[in-house]
Each structure stands twice: as C-alpha cells, then as structure tokens.
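I have placed the structure first, in the form of structure tokens, so that the comments after it can refer back to it.
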Amino acid sequence: MMITKLRWTRLLFFVLLFCCAVQAASAEEAEQKIVHSLSTQSMSGYQSMNDQYFELESYWEITKVLLQLQYDASPLVDEQLSSMTLYVNGTPFHSFRPAAENHQELTVAIPSKLLVEGVNTLSLQGNRTTSTDEQLYNVCTVNDERDNWMTVKDSSTISIHYVSKPSQQHISDGYERFIGLDTSKASSHAVVVSDEQSAAELEAALYSIAGLSKAKSSGDKQIPLLIEGDQEIASKQVVLYISKLVHLPASIKAQLGDTELADRAIIKHVQLGGQTMLLVASNNDELLVKAGRYVANQELMEQTTLAEKYIDEDTDVLTPAVQVSQFIKLTETGDKLTGPMHQEKEYYIALPANQSIAEASKIRLDLRYAQNLNFDRSLVTVLINNKPIGSKKLSEVMANQDMLELPIPKNLDVNGNFTVKAAFDLEIDHTPCTVTQDQMPWAYIDSTSMLQLNTVDRSDLLFNYYPANFMRGGGFNAIAIVMPEQLTEADYRSVANIFHLLGRYAQTNHGEIHVYQDSVDETALDNKHIIAIGSYQNNALIRKNNEQLYFKFDERGAGFISNEKKSIETEYGKRIGSLQLLPSPYSDGYGMMLVTGAEPQYYELASQAIASESTLWKLYGDSIVVDKDGHLSAYRFKEELQQSGGMLPIFERDDVQSFVLSAMLTIIIAIVALLLLTRKHWRRRRKNDETNSKQLSI
C-alpha cells in the first residue's frame, strides 16, 4: 500500500513538473523581442551628452529592456578619471569608466520603473579627463576640448523583451496594434480591399493608408494594399478590411449580422482566429470614403473605445485645419541649457509640404546666460536644418538680457517641416576635473524668442520639392489617380507606395482623392493634379500623352527610347520604370505625374522611389529612371526660368500681397475722398457764383 502511494506521489510530481515545463515553454514562446538600433554618436570635449530615443507600445507587457553599448574609446582617455553615465527619461541608472581601447562592449539592464509608454529618452553623458603628473595635486588639464574621445557605434542596440497584452476587443486597441512598432517592423499588417475594383473602396483605402502612415513610427516600411483572396492576408496579424457590404465574403459579412448599411458606414473590431481585423463597410460609396477619412484621423481612432462605430452624414471626421502663423514662438515656457562646452536645443517647426520660407523671414532669440564664462571664446550659433545661418559672441555686459536676430537666407531652400537649433559654446576658464554645481555654466532661451515666417506656395514641377504639388494646406491638393481598367497586384502596390509617402507629409485628412479608370472623360480631370499609373499598353492617358513625355515609348509601346539626355538600348528600355512630372494637359497651373514602364513590375519599381522619405534625397529634376538593379538616375528637361530683378517671388509672398492690397485700397479711398471734396467745393463755388449773379442783376 505504501509502495502504491509512493508511486502515485511520484507520478503526480512528474505530472506537475511536466505541466510547469509546458507552461514555461508557452510563456517563453509568448515572449517577443524587438531590437532598436542606436545611431552613431561621438563624444567630444571633456563633457558631452547625446540623446537617443526608443518607443514602448501601450499593449506591451515589458519583461526586460537591455542596452548593449558598443563603443571605441581614444587613448586620450584617462581610465581612472573619465566616466560615462547613462540616463533614461532624465534619471541616471548606470555609470562606468570606459576602457581606452577600441571594440568595447557593455550590456546593462534598464530599470523597468524608469520606462514610460510611448517615447523614452536614453541619454549618454560623458566626462573625459586627460591627466598629467600634476594629478597628484588633484589638478588636471584639458588638452583639446574638441577631440573626439569616444564613439558609440551604430551596432549598439536596445533589446525590448515583452509579451503582448490580451486584445481589448475595441477599435482603439486594434488601431494601436496596426500602427505598432513591432507590427510595422515585421510588416505583419495590411489594408485589404475586395477584388471588385471599386473606386470608392480604393479611395477609402488610400485615405486610410495615408493616415496610418502618418501615425506609425516606422516611416520606411510601407503598408501593403492587398486584394481579397491574396494568400498573403492569412499571414498578417492585423488587417484593415475596406469593402462595400455587397462585396464582402460570407464569412466576414456574418460578423455584421443583419446590419443595414445603406445610409451609414461601420467600423468594427473583429477577432477571426488569431487575426485582428478592423472592418470598414458600407453600401454607400460616399460614406465608405468618409469612414476611410475617419480611419485617417488618429485622434478619433485612439479615442474610439467601442467595438463598433457608425459613420453617417452628420459624423465629423475631419482633423483640425493647419494654421500657419507668421509669428511662431520657439518655446512656450523657456528652455535652460546646463553644462560647459557645446550645448544644443532643437525646435521642430511644422510647415505644409507645399510651402517654403520666403524673403524677409527672420529669427529672434532672447537670451540670458552665466557670467562666469570665458567671453573671448563663448558664442551662440543658430542653425536651420543643421545649416548655420549666423552666430553671436556672448558678452558679460549683456549676460542678463541679450538678443540675437538673424535673417533666414533664402538660398537655404527650405520647404515643408524644418528644425531650428540654438547651439551654445559655453567656455569657462581653468575647469577643474570635477565641475561643481556653482561653477556650472548655463544659458537660457526665453519664451519671447520668435520666428517670423513668411512663406510662398511651391508650384515647381520638380522632384526637388516633391510632394509639394500634391499637397495644399497640409492636406491633399485635388488629386486624380488614373489607373488601368484591369488592375493587377502591381497596380495596387504602386498606388499604396505613393500614398504611403504622401501620408507622411499630410498634416490633415482634408482635400480630395478621386480614382478613375483610364477611359475617364477628360472634363473630370479639369482643375486636378493627376497621378497616372500604368504602361503605354494598359493606360490610355499615358498612351495619349506619349509625345509630351520626356522619356517616350516607342511606337508599339514596348519600351522607352533614347532622348537628348540618355541613350537607351532597346532591351534595356523594356526593363526600366520612370517617374515624370509634366504640366497637366487639361488645366493650366496643375501638374501630372506619370508612374510608368513597359510592364507592371517596372512601374511598381518606379513607385518604390517615392514610397519613403529615405529615398527622396536622391530625387531631383523632372524625370527619374529606375532599373531592376536599383540604379536610379535623375534628369531635368524643363529649362530654368530666369526672373528679372527677383521681383516675382517677392510678390508671391502673402504679407507683400496683403501690403499691396492695403496700399491700393488706401489710394482708392484717397482718390474717392479727393473727388468728393472737389465736387463739394465745385458745388459751393457754383452756388456762390449764382448768388453773386442775382445780386448784380438786382
């Protein structure tokens, strides 16, 4: 009996052990990891600080975060006196003395209690000391304060280990997972439309892709646009499914029950197996597109903690309009910079993509700074997009109330969003090894610091300024997309690539997007910027305008032919894609961009050149050629217009136009007043003459 009990006890023990092992294995499988790479950072001077950023999603349960720091340290470093301190969100969590050798590595855990949802800041503060024999007397000397003594390499990483929290079964949760960092990096999301080639479904999808692209952190990973039935859909973790109700597959339509969608649209969170789906459906084309705009409104989507949301004619789906003020405050509360040597403060200025800085724009910094500086060597420099526009030497007399005012050079050619940086060099005399708090120099940028911004609209049909022509007021500028009658997967991928980048520049979901087949009546293209996607063979609009193209197709449309800029071998002309910007043949003042090639795979290749911000720096001129080996060539065919005296840009400025209008109104009022006074004087004189005439006759 005892033996039997012992056997049962052992058996129970092994069963429990096995269950624990299975549970541990399941937990281990559930844990995921995402690796964030740091950018290269150089430490120079005897004290320097650099910031890096990483993001934590709200649906992650963090298990651990590991920093793996790989660095090279110069022989200049004294290993006994120099140090590095690591901060997260302003709180120090680890310090070490760097070894004066290359290829060093340090792995340290970042305390979870210091982390926050959203963006976290990792700061690296270095204190370098170069010693001499005088260190015996607790004195050290700084040889060259600008020597680069340590480099944090771009092979350094932050490994974030986490477990995804259970789905909350509402729209906001599904939305956050769709734009999540892990989802984007793994490309485990997609927008899906039916295979019925509905213009309304495609328009709604493009609004959605643009808004989702703007909201997600990873800017270079495109959001796939797939057709119902594509086998790739099953591998996606999160799907945004946009369809007219009549086009839905029965299995998905069943999730809506008997819902009537003739006069409204629905956005619904659906869990199908292990896949999260945000379903957007309606039988009304206009409301389906309106629901697409709702998806493009990040604030609304993050606030919708319901399983389903109905959209009708009265639903407000638009984001606030962009307000561009002529006078922009750099800081609301003022900013203090502390520490010796080089210190920087950067400000981000949002500007619609179609606007650029015009003449007479200027910046004013109101400053205060410490009085213990070496004023022979201390100064402040202002940079725009990291290009210096001017500096000023700091002065002991002006330390309590200084001001720097600089014009913004027009030749900076800034359009769209940009950065303003105030860089201080706070030099102090005879700095000891350990800088005590009362000797710490500081500078303060007052809240009265302003940017006076004059802007002009960009209308140049050049890729230098893309996508300026297709944006207006932060939204879409009356875009007409002309596509082949029979769409291929390459057509869907191409248009998704284009709107992924347009979405990165869109600040609102305003403006119009219309999708047409290539047989569209030309009157529908009046007063619109056109994006034509396709080949000579499958897009009549491209075929009709072939003679106006910079890179033309041969008479059979089999491939591109040579021109004055480029020699093209016959077979090579069949294997390249092209982007071309031309004036619209249907409306003055509007543009037309062609995304074209002899075959769909090649114009899809061309669309990839305008799919992310990382490739924009390669683009200029009005024509781009891309081949399958990744070689990209840019050309300019339009001649540069010479403007006499530079007056035209001045009169394009809003403030100048307002001044001219006010001056003209003043002149008109003065002329009218003068005429009235003259008339009044003439009548009085005539009356006096009549009176005198009567008196003489008497």
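The values are calculated or read from the model by the stated rules, or taken from the named source; none is laboratory data. Since the model is a prediction, treat every value here as computed from it, not as a measurement. Glycine gets a Cβ as well: all are built from the backbone with ideal geometry, and neighbour counts include every protein chain shown. Each accessible area value is taken on the protein alone, full model and side chains, heavy atoms only, with ligands, DNA and RNA left out. Shrake-Rupley method; radii C 1.70, N 1.55, O 1.52, S 1.80 Å.
Key figures
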item: Strands (runs of 3 or more DSSP E) contained in segment 59-128 and holding at least 1 residues without any contact (Cβ under 8 Å) to a residue 60 or more places away in the chain and among the acidic types (D, E); result: 104-109
item: Test result for V239, surrounded by fewer than 18 Cβ atoms within 10 Å (Cβ to Cβ) and hydrophobic (A, V, I, L, M, F, W, C); result: no
item: Test: residue in segment 158-173 that is aliphatic (A, V, I, L, M) and more than 25 Å from the chain's Cα centre (by Cα); result: yes
item: Per-region count, segment 184-208, residues out of contact with any Lys or Arg (no Cβ under 6 Å at 6 or more places or on another chain) and in a helix (DSSP H, G or I); result: 11
item: Subset tally (residues that are buried (at least 24 other Cβ atoms within 10 Å of the Cβ), part of a strand (DSSP E or B) and not β-branched (V, I, T)) for segment 280-309; result: 2
item: All positions within segment 91-109 that are closer than 17 Å to N127 by Cα and modelled with pLDDT under 90; result: F96, R97, P98, A99, A100, E101
item: Search result, residues across segment 54-77 that are surrounded by fewer than 15 Cβ atoms within 10 Å (Cβ to Cβ) and at pLDDT below 90; result: P75
item: In segment 521-533, residue most open to solvent (accessible area, probe 1.4 Å) [restricted to those that are within 14 Å of S587 (Cβ to Cβ), touching a strand residue (DSSP E or B) at 6+ places or on another chain (Cβ under 7 Å) and not small (G, A, S)]; result: N527
item: Any hit, segment 370-392, residues being out of contact with any Leu (no Cβ under 6 Å at 6 or more places or on another chain), polar (S, T, N, Q) and part of a strand (DSSP E or B); result: yes
item: Within segment 310-350, tally of residues that are open to solvent by less than 30 Å² (accessible area, probe 1.4 Å) and modelled with pLDDT under 90; result: 5
item: Residue satisfying all of: in segment 242-279; part of a helix (DSSP H, G or I) and either on the phi > 0 side of the Ramachandran plot or among the β-branched types (V, I, T) (or both); most open to solvent (accessible area, probe 1.4 Å) among these; result: V246
item: Qualifying residues in segment 428-453 (those that are within 36 Å of the chain's Cα centre (by Cα) and either over 30 Å from I357 (Cβ atoms) or open to solvent by 20 Å² or more (accessible area, probe 1.4 Å) (or both)) - the one modelled with the lowest pLDDT; result: P441
item: Extreme residue, nearest to Y241 (Cα to Cα), among residues of segment 161-205 that are open to solvent by 30 Å² or more (accessible area, probe 1.4 Å) and aliphatic (A, V, I, L, M); result: A199
item: Test: residue in segment 330-349 that is farther than 30 Å from L394 by Cα and either in contact with a Cys (Cβ under 8 Å, 6 or more places away or on another chain) or not β-branched (V, I, T) (or both); result: no
item: Scope segment 220-230; condition part of a strand (DSSP E or B) and open to solvent by 20 Å² or more (accessible area, probe 1.4 Å); matching residues; result: I227
item: Contacts under 8 angstrom Cβ, first residue in segment 247-259 being among the charged types (D, E, K, R), partner assigned to a helix (DSSP H, G or I), 6 or more apart; result: K253/L245
item: Qualifying positions in segment 629-661 - at pLDDT 70 or above, in a loop (DSSP other than H, G, I, E, B) and touching a strand residue (DSSP E or B) at 6+ places or on another chain (Cβ under 8 Å); result: R636, F637
item: Condition check for A353: in a loop (DSSP other than H, G, I, E, B), surrounded by fewer than 16 Cβ atoms within 10 Å (Cβ to Cβ) and of a type in the set (A, V, I, L, M, F, W, C); result: no
item: Considering residues of segment 402-426 that are modelled with pLDDT under 85 and either in contact with a helix residue (DSSP H, G or I) (Cβ under 7 Å, 6 or more places away or on another chain) or in a loop (DSSP other than H, G, I, E, B) (or both) only, the residue surrounded by the fewest Cβ atoms within 10 Å (Cβ to Cβ); result: D413
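Every residue, every condition in (1) part of a helix (DSSP H, G or I); (2) more than 18 Å from I610 (Cβ to Cβ); (3) touching a Cys at 6+ places or on another chain (Cβ under 7 Å), yes or no:
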site	(1), (2), (3)
A210	yes, no, no
S213	yes, no, no
S218	no, no, no
E232	yes, yes, no
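Residue-by-condition table, conditions (1) under 26 Å from the mean Cα position of the chain (by Cα); (2) more than 13 Å from L426 (Cβ to Cβ); (3) β-branched (V, I, T):
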{"site": "K345", "(1), (2), (3)": "yes, no, no"}
{"site": "N386", "(1), (2), (3)": "yes, yes, no"}
{"site": "L394", "(1), (2), (3)": "no, no, no"}
{"site": "V397", "(1), (2), (3)": "no, yes, yes"}
